[in-house]
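**Student:** Got a structure for you, questions after.
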Amino acid sequence: MNNELIIDGINSFTRIYYADGHVEYVGINILEYVKNLKVGSGYKRPICINRTLLYPTSHSKDYECQYINVDYFDKHDESFISLLREKDLYYKAIHIYMKIKEKYFLDGIG
């Protein structure tokens, strides 16, 4: 199974970046693509593809919203880090990652 790393929209297409380096284009806009993939509730709810959670970088109703597999940080993959830097998402991804880990830690204690 190949992990999805980043999903973003370009014009009326959705672009999916995978861990093995290939990119897939889907012929619908990102809002339509993620509509039925959301899990949970609230503003920052992730989407789930092949048991992989991808978290939004901004409001999910925004065409500019991108989705990131922040759990992939645990793999220490340099190509993933480079991709995040290339798309100017590195610091945003770290922020999301830390928030998720903090919530997991606090929920685990309580």
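Bear in mind that the values in this text are calculations on the coordinates, not laboratory data. In this text, all values refer to a predicted model and were calculated from it rather than measured experimentally. Glycine gets a Cβ as well: all are built from the backbone with ideal geometry, and neighbour counts include every protein chain shown.
**Student:** Assuming a ≥ b ≥ c are the square roots of the Cα gyration tensor eigenvalues, decide whether region 4-109 counts as rounded (a/c under 1.5), prolate (otherwise, with a/b larger than b/c) or oblate.
**Tutor:** Since a/c reaches 1.5 but b/c is at least a/b, the shape of region 4-109 is classed as oblate.
**Student:** Here is a follow-up. Which whole-number percent gives the relative contact order of region 4-109, counting Cα pairs below 8 Å spaced six or more residues apart?
**Tutor:** 20
**Student:** So if each residue of separation counts as 0.36 nm, and I subtract the Cα-Cα distance between Asp107 and His59, what length gain in nm does that give?
**Tutor:** Working: separation 48, 0.36 × 48 = 17.28 nm, distance 2.40 nm.
Contour length minus the Cα-Cα distance gives 14.9 nm.
**Student:** Something else: Under a 5 Å amide H to amide H cut-off, with H placed in plane at 1.01 Å, what residues pair with Leu5 once short-range neighbours are removed?
**Tutor:** HN-HN under 5 Å from Leu5: Tyr17, Tyr18, Ala19.
**Student:** Just to be sure I understand: with springs between alpha-carbon atoms less than 10 Å apart, which residue in Leu53, Leu89, Leu37 has the highest mean-square fluctuation in the Gaussian network model of the chain?
**Tutor:** Leu37
**Student:** Along the charge dipole of the chain, pointing to its positive end and built from +1/-1 on Cβ of Lys, Arg, Asp and Glu, which listed residue (Ser82, Tyr63, Tyr17) has its Cα farthest out?
**Tutor:** Tyr63
**Student:** In the structure shown, do any of Lys38/Lys75; Lys38/Lys61; Lys75/Lys101; Lys35/Lys87; Lys44/Lys75; Lys35/Lys99 have a Cα-Cα gap over 20 Å, and if so which?
**Tutor:** Lys38/Lys75; Lys35/Lys87; Lys44/Lys75; Lys35/Lys99
**Student:** Label-point separation (nm) for Arg45 and Glu86, each offset 7 Å from Cα along Cα-to-Cβ?
**Tutor:** Reported label-point gap for Arg45 and Glu86 is 3.2 nm.
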